[in-house]
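Scroll down for the structure; my scribbles are underneath it.
Throughout, read-outs are computed from the coordinates displayed, never taken from laboratory work. Owing to the predicted nature of the structure, the values given are computational and were not obtained by experimental measurement. Here the Cβ is made from the backbone with ideal geometry for all residues, glycine too, and neighbour counts use every protein chain on show.
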Amino acid sequence: MFLATIATLVALPAIWLFSQGGPSRGTGASGAQAVGLPTPAGENRASSDTADDPFGTNGPIFIDGPTTPPRHSVIQIVVPAVNRSAFLEGGASFKNAVGLTINTCSAPAVPFGASITVTNRDNGHVVTCINNAPAPVPPSVVIVLSAEQYAQIGALIDAPLPVRITW
């Protein structure tokens, strides 16, 4: 065991010394010249002086992929046409009772008896009513709903709500 340890301690530095270049090798000699082999034809001595690359390439390696990006596709967005004469935007208010039934509302600018869809522009909640109670409305208000209908699209304390009405 003692002899194997001594042989290893002597052999490892010797191998390292000969592989790294010792005093017998010139600083510019290639590995083939240090061993005594002839230099292959066309080998540039200056290029062999540079750091040896174990993979045989000196430049970066890039992963192959598509050389051109894919074409942009045209996405069609279909927006329904808005009939400018069949909608209004403004405020919505409420009263405890607007008409004889719970689904009755008052919108003087809308034809009498029309079914009106009221959309809260802040949260998107929707309610439907019938314009059967023609009554005057305050300025900047386009529709007056019953308190129950109004509570479906917003809080009562937020009156008047910004709405869009369509019929």
Which value results for Rg/Rh of the stretch 84-166 when Rg is the Cα radius of gyration and Rh the Kirkwood radius based on the inverse mean 1/r? 0.90
Counting alpha carbon pairs within less than 8 Å and at least 6 residues apart, what relative contact order, in whole percent, applies to the stretch 84-166? 46 percent
How far apart, in nanometres, would the label points at residue 1 and residue 64 be if each is projected 7 angstrom from Cα along the Cα-to-Cβ direction? 5.6 nm
